[in-house]
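The values are calculated or read from the model by the stated rules, or taken from the named source; none is laboratory data. The structure presented is a predicted model; accordingly, all values stated were derived computationally and were not measured. Positions of Cβ are backbone-derived with ideal geometry, glycine not excepted, and every protein chain shown enters the neighbour counts. When the accessible area is computed, the model is the full protein with side chains, heavy atoms only, and any ligands, DNA or RNA have been set aside. Shrake-Rupley method; radii C 1.70, N 1.55, O 1.52, S 1.80 Å.
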Amino acid sequence: MREGTKIASTTERPPGNPEESGRRNRGSWQRLKAEDIANRYGLVGAWIVLIAVFGALEPDKFLTLSNFQDIFSSQAVLVVLSIGVLPALAVGAIDLSIAGTMGLALVIVGWLNVLHGWPIALAVLVALAAGVIVGGINALVIVRLGIDSIVATLGMGTLLAGIAIGINNLAISGISTSLIDAARTNVGGLQLVFFYALALALVLWYVFRYTPLGRYLFFIGGGGGVARLSGIPVDRVRAGSLVFSGLASAFSGVLLAGVLGAADPTVGPSYLLPALAGAFLGATAIVPGRFNVWGTVIAVYFLATGITGLELLGLSGYIEQVFYGGSLVLAVVLSRLASRRTQS
Amino acid sequence: MREGTKIASTTERPPGNPEESGRRNRGSWQRLKAEDIANRYGLVGAWIVLIAVFGALEPDKFLTLSNFQDIFSSQAVLVVLSIGVLPALAVGAIDLSIAGTMGLALVIVGWLNVLHGWPIALAVLVALAAGVIVGGINALVIVRLGIDSIVATLGMGTLLAGIAIGINNLAISGISTSLIDAARTNVGGLQLVFFYALALALVLWYVFRYTPLGRYLFFIGGGGGVARLSGIPVDRVRAGSLVFSGLASAFSGVLLAGVLGAADPTVGPSYLLPALAGAFLGATAIVPGRFNVWGTVIAVYFLATGITGLELLGLSGYIEQVFYGGSLVLAVVLSRLASRRTQS
Amino acid sequence: MIELRNISKTFASRPVLQGVDLTLVPGEVHGLVGENGSGKSTLIKILSGFHAPDDGAQILAAGRPLELPISPHDANAAGMRFVHQDLGLFEGGSVLENMTVGRYDLNRFWRIDWREERRRAARLLGEFGVALDLDARVGSLSYVERTLLVVVRALGQEAGGGTIVLDEPTAPLDSESAGRLLSTLRRVADRGSSVLFVSHRLGEVLSISDRVTVLRDGRVVAQDLAGSFTEDSLIEAMLGVPMTEMYPEVSTAQGTEVVLALNGFAGDVLRRSVSLELRSGEIVGVTGLAAMGHDDLPYLMFGDEETRVGALAVGDRTIGAADLSPQVAMRAGLGLVPANRLSDGGAQAMTATENITSVTLGKYMRKGTLRLRRERRAVAGLMAQFEIRPPVPELPLASFSGGNQQKAILAKWLSRNPYALILHEPTQGVDVGAKRQIFRLIADAARAGTAFLYVSSEHEDIAHLCTRAVIFRDRAVVRELAGPALTYENLMSECLRA
Amino acid sequence: GGGDSSTTATGGAGTSATGTQNAALDEARTSLDQLRAPVQFKAPGPAFDAGGLTGKTVYAIVPGLSFPFVQSVVQGEKEAAEALGMNLVAVDSRGQVGTASGLIDQAVSRKAAAIILQSVPAEALAAPLKEAARAGIPIIELTARDPQAPPASLEQLGIKGIVSFCYTCAARQMASVVATDSGGKANTVLVGSPDLATTGPMLKAFTEEYTRLCPGCKLATKQVQLVQWNTQLPSLTSSVLKSDPDVNYMVPLYDAMEPSMAPSVARTGKAGNVKFVSYNATLPVMQALKRKDMVLADIGSPLVWLGWGAIDQTARILSGKPPVESENLPNRLFDASNIDSLDLSKPEEAWYGPADFRTEYKKLWGQN
Ligand SMILES: Nc1ncnc2c1ncn2[C@@H]1O[C@H](COP(=O)(O)OP(=O)(O)OP(=O)(O)O)[C@@H](O)[C@H]1O
Ligand SMILES: Nc1ncnc2c1ncn2[C@@H]1O[C@H](COP(=O)(O)OP(=O)(O)OP(=O)(O)O)[C@@H](O)[C@H]1O
Ligand SMILES: [Mg+2]
Ligand SMILES: [Mg+2]
């Protein structure tokens, strides 16, 4: 994004612009096509390489159907969290409260269902409503009052983590089996939760790609008065995307309650950075430069595949963190270099 | 004249919006001043209110010189980390690797000094050099390759946290007393580390306010081609601010080694969110809308004062988190509302 | 029919519009003129719902009052389309995405029919003779191309019988494109739509408009049929005083010293290399039709676009094209006022002071420290000298009107006393009074020895202001005009010649 | 709630210590003397034939393979599994419940023979554990609560056995250390972590014992979440000392808290007045003890031994034998009386004395 009005003061600029700080370069779009493939599918390529490497090292354990089924199922909740925040990120609101909301929803389900004996459906509804309320408060603060999203949601996330522990500070087990079955029932080797993630991904993808709302999100994220001047109901869409982010996060918390069959109030915060990593790494692939659904899904699974492979090699502990961080950086660097190569 | 860049509010609120941009003019100097004061000193006011409340509740313990001396000393390391990242934030690069760098520096000092018997000065130098190298890599990736700062530094931060544990997975005690003395020696009731933080704050404030470099940072952060076309060496300044961020983070790690007299590889990550909270909350005060030094310092101490007050009331645990998150949100909301009130 | 009644707008406590009445009649082109900062864009932004007017205002569409502030939905429903002064394009999006924003054909499942959108966009662009790749990223388009895109978008979305509002759509266009745009607008009006049109080119306003409204300090000071105005009477209405000579006396007694020289200068975007010499005090025009290469020259010379060959000499320094960068060019004594004021000219969020002194900070340094009071005083002086209003150095640039921003950016560069200054469309969106003043400032600086490269598609201005002019066609210099041959007519015909 | 904190001046204020009081203290002194001595092996249960386990795979889900204490446990598990011809796969949950859940599912689909779940309370993983139980995989819970037969709530999650140190014993022992050392004038701050399952029982046990042995002593309880130890403990410590300058004992339940607290004590100028008593015997605190740097005593439990105990329990269950209630893992008290005789550069198992648990366990398994 070279010249142009102050699209997203760099702070909120969507990642992956080929010519971030660059000079003018007329007609670069002609190169778009060659560059496209390297750019769009670079991460997929990296994923395949990763699978090939681990497959060569540990063919018996790694290259099995059940291994991939495991990976797909176990990361499904993270996928929901990661793609749920995409609309908010797309409009330029960095929502750091998602993990807090997730943890809160998880605790609410356990607390109401187990400790207060509420029917599970009602408990789930309350948890989802809590997500909507959190999103609504975020929207009020960020959209109506115009407060920077990072500081607002950083505070909100911390607040929610505290509230979750305040509600109940120890793990609760005994969550209704109907929720557990709804999350864990095995279909074709995959847990149902995977299919929920898939369904949400499909819906979001459809919205992003085929509906006016999807366009609006990116026009708004483009910054400046552009969207407003184009007659887009900017405030409503921004607020909506934050509410959606709250709802989706709460949904991921509900799913987690089903997957774990238990509610541990300290679970939430550990999901924040992985979810953001997925969304931001995802924005370098498939539709480079924009937050997008399939890029995010691939990013989450790419990172999880690496971790699983390392575990199978018997390498875990700090080496996983090194791999995780390192491959995050490497993946974006390589996809950028690949697209440069084709450009020049 | 003001330091600072327009932070994310650009996207949050399009330029040319009545509330944001065109507040002042010839005819309304009084108004300007009233609004300005509410806007600039709102956070200071909130801090005073907080002190008054806790002072009323616990006059004997809270309203003592030593209590404030203690608060000032104990948060000094966080202040260094928070203001160290301001130049990077100002140019629009969100550096999430600061806590990782801090942890790495801490571990390096302990590892070299205690386990390998290096002289402390040398160990400190190596730790600072490591910070510069990390900043340099960040700069390479973000400035040269044009990769989004969030994803790059998120990866880098995770990588560094892993490396810190990889270097030494155990807390090391026995760090040279000369470093401990350099950090902890009591001067007028305050530890030396506070004066280092103060010195850094003064230097940065001076740079932001009285040097061309300070202006350049915010021109660059404003986006568009202005900075480049005004002859500002955009890439060099952006790279420099990231290197500085690495160096300052490593410096905070060295100070922490002195304060703790020990090096625990797991310390780093817990400082990330508090440091960002300080910087972003700080950007709502003193020079509202721009990242600025004194706002950040005040924000850090405002949050710490609240926590200390709660502790003195005997309230610890989740209530602290609730307060921390809640007051972060409230502080920004109130300062925004205050500035609106005076406007209309 | 859209009726605006008693529209007032106050920013903070400062009135910008005061009781404006305006009626847009179907089939009519309505010209809106006024000095910089007189409130034209503000009025339009109220109409589009971007700003809320003060209490007491009323806006009626087809006789029914609209709720204020107007919601985007209502504006749309009332058939209003806008071309704003700041365009409103999503730079990260493609031409197609920007073409279609705001109005989609949805099939079942609330789905956009992209194939249909693409077809329609291509048809529209074709219809208006604008050649743009639908998949090109808007960020990679020139300013002129963007303007065309927005205009076509608005025209295409106007189904007939509605209202099209254009805020200075012709400002970046060369007279050829502007002429075509105007004739299109005329046709749109003729088929029953109403057109509200803002321009500082009074000639074109008079030639196309049926009626004209003149704003001064936020009040309507004249409103009548176009035929009852002359350019001079319009100017007098706008300024409140009669206008004297528009163009300053240009001194022909230039220095002999060559202060700016281009030697075999070329880059990807130029088909043939350019060689050119400017003597001190000379004002040399550079022009051409849209995207003919002349609009790249400023950025090539300033090292902001890749250049492969050639050299540039400023003062006594020669710089190889490959070594050029804005810093190097500036250090040698060159300056550039870019055409894209919004993002390249100034930093909108920073104050007037910070913007104006951004290239002269050295002047305010003592012992490594900026002297802020001295800086403020100097800026206050410059703001007075350049008549930048409001003269408040602490205001962010964003809250100045377009013309005043432009003056601030000129002040920024002229206060640097460069050997040579490249001006790219320096009077874009500037009112006649300010324009005259800018010309005067340029002429004064030229007399004091600064050489100017005046890159513009305003042939009239070039003809009067410049001592020489070079003409670009097909990305190469094709002609140089000087002396008596430098006339508006010659410039036009050279530009248009195939 | 997790923010529980309370200050109690336990009863009997003003009255002089009674005879029974003195007797209780004497008794406490005696048992502390025993606790200072090198530890002994005590067979957890009858010997059995562990011959048929060759080739089986045991999954150990651990909270952070990078941490030394985890590494020691895993080392013990590996040694013991190897002795029985079993295969031990250690996987890292990084202490995160979500990750642990995926790893349990993975163990099920890889057909593990048993799962050892370390430090994550089983309640937080009800669903995946039940699924593992349904697949016939026994689960052994490690270091989440005191040794005991799995209560009904855990049994129903498929927990067949618990192996752990006696946390409440350690808590009581810490209370006796403070009570006996203070001569009835203790003013103690007890610090726990609300998100660790062992905190609740330990706080209770400490308080009971403390009140019993020292009715006139003061006690305040604080809680800080694990993730905030580094950032919150320093300010909490100084606040506490400011609230009550007479505090003379600090008892962080986990000694990893101590390095974040000690500097604040020093900063407040109380270095001479405050003594730390804690649990876990990690190296930095043991070094501080040796330096006489504010640490009065540290109680520890041998980690490699725990690993062997975990495999013993696993082997019993896999061989169809009844699980034992306790592996009888010992605690040892380290203080000025015995710290100087220790070589802290040796592996931690050497600190506990010469007891040869490896040979003893092998004997129990019928391998002589
Ligand atoms: N968002 C705003 N906040 C405060 N003042 C504003 C704002 N927008 C415009 N103004 C002020 O209102 C006045 C009218 O501005 P407007 O943009 O309507 O002028 P204009 O007639 O379009 O001028 P130009 O010909 O230069 O484009 C100017 O003095 C400007 O400084
Ligand atoms: N810059 C522009 N903005 C808007 N419409 C344009 C522009 N350029 C061309 N058009 C329109 O595109 C159509 C075809 O343009 P073309 O270049 O063929 O003009 P032409 O053949 O001279 O016709 P005209 O008589 O309209 O000038 C015309 O309707 C013209 O008005
Ligand atoms: Mg205007
Ligand atoms: Mg204008």
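In table form, for the structure just shown:
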read-out	value
Radius 13 Å from Cβ of residue A:282, net charge of other residues (Lys, Arg +1; Asp, Glu -1)	+1
Hull shadow area, averaged, segment C:258-496 [alpha-carbon convex hull, nm²]	12.5
Residues residue D:244 and residue D:325, FRET efficiency given R0 of 41 Å [Cβ-Cβ distance, rounded to 0.05]	0.50
Dimensionless Rg ratio for segment B:202-344, taking C-alpha atoms and the 2.2 N^0.38 Å reference	1.25
Solitary cysteines of the protein assembly as shown, where the nearest other Cys Cβ is not under 4.7 Å	C:466, C:495
Backbone HN-Hα couplings from phi across segment B:307-318 [Karplus 6.51/-1.76/1.60, Hz, Gly and Pro as x]	4, 4, x, 4, 4, 5, 6, x, 9, 10, x, 5
Three principal axis lengths of segment D:144-203 [C-alpha, angstrom, descending]	47, 20, 14
Area of residue C:435 that stays accessible when all protein chains are in place (1.4 Å probe, Å², to 10)	30
Mean projected area (nm²) of the alpha-carbon convex hull when segment D:219-363 is viewed from all directions	10.8
Solvent-accessible heavy-atom area per residue, rounded to whole Å², over the protein assembly as shown at 1.4 Å	33
Rounded to 10°, Cα long-axis angle of helix C:143-157 versus longest principal axis of chain C	10
Within the accessible area of segment A:46-343 (1.4 Å probe), percent carbon and sulfur	72
Label-point separation, residue C:258 to residue C:123 (7 Å along Cα→Cβ), nm	5.7
FRET efficiency, 1/(1 + (r/R0)^6) with R0 35 Å, evaluated for residue D:27 and residue D:110 via beta carbons	0.10
Inter-chain Cβ neighbour average for residues C:134-143, partner chain, 10 Å	6
For D:265-271, mean number of other protein chain Cβ atoms within 10 Å	3
Proportion of all alpha-carbon pairs of the protein assembly as shown beyond 67 Å (%)	18
Residues of segment A:162-181 with amide N under 17 Å of a point placed 7 Å along Cα→Cβ from residue A:122	A:175-179
Alpha-carbon Debye profile of chain C, log10 I(q)/I(0) at 0.11, 0.13 Å⁻¹	-0.97, -1.33
Cut-off under 5 Å, modelled amide H: who pairs with residue C:473 long-range	C:478
Net charge of Cβ neighbours under 12 Å - reference residue C:463; Lys, Arg +1; Asp, Glu -1	-4
Semi-axes of the equivalent ellipsoid for chain D, Cα gyration tensor, largest first, Å	37, 22, 19
Residue-by-residue Karplus 3J(HN,Hα) for segment B:254-269, coefficients 6.51, -1.76, 1.60, Hz, glycine and proline x	4, 4, 5, 4, x, 5, 7, x, 8, 10, 10, x, 9, 5, x, x
Heavy-atom accessible area ranking, 1.4 Å probe, most first, across D:169, D:217	D:169, D:217
Nearest-ten-degree value, helix D:229-243 long axis tilted from longest Cα axis of chain D	20
Space enclosed by the convex hull of the alpha-carbon atoms of segment C:2-243, per residue, Å³	134
Area projected by the alpha carbon convex hull of segment A:46-343, averaged over all directions, nm²	16.6
Across the identical copies, how the residue B:206 labels are spaced - nm, sorted shortest first, 7 Å along Cα→Cβ	6.3
Whole-Hz couplings from phi, Karplus 6.51/-1.76/1.60, listed for segment D:66-71; x for Gly and Pro	7, 7, x, 5, 5, 4
Residues whose placed amide H lies under 5 Å from that of residue C:34, excluding near-sequence neighbours	C:215
Anchor residue D:321: lysines whose Cα lies under 25 Å away (excluding residues fewer than 8 positions away in-chain)	D:42, D:56, D:78, D:111, D:130, D:160, D:362, D:363
Principal-axis tilt of helix D:258-267 within chain D, Cα atoms, nearest 10 degrees	20
For a label point 7 Å along the Cα-to-beta-carbon line of residue B:66, residues of segment D:231-259 with backbone N under 12 Å	D:238-247
Shortest-first nm distances, residue B:125 label point to equivalent points in other copies (7 Å, Cα→Cβ)	7.0
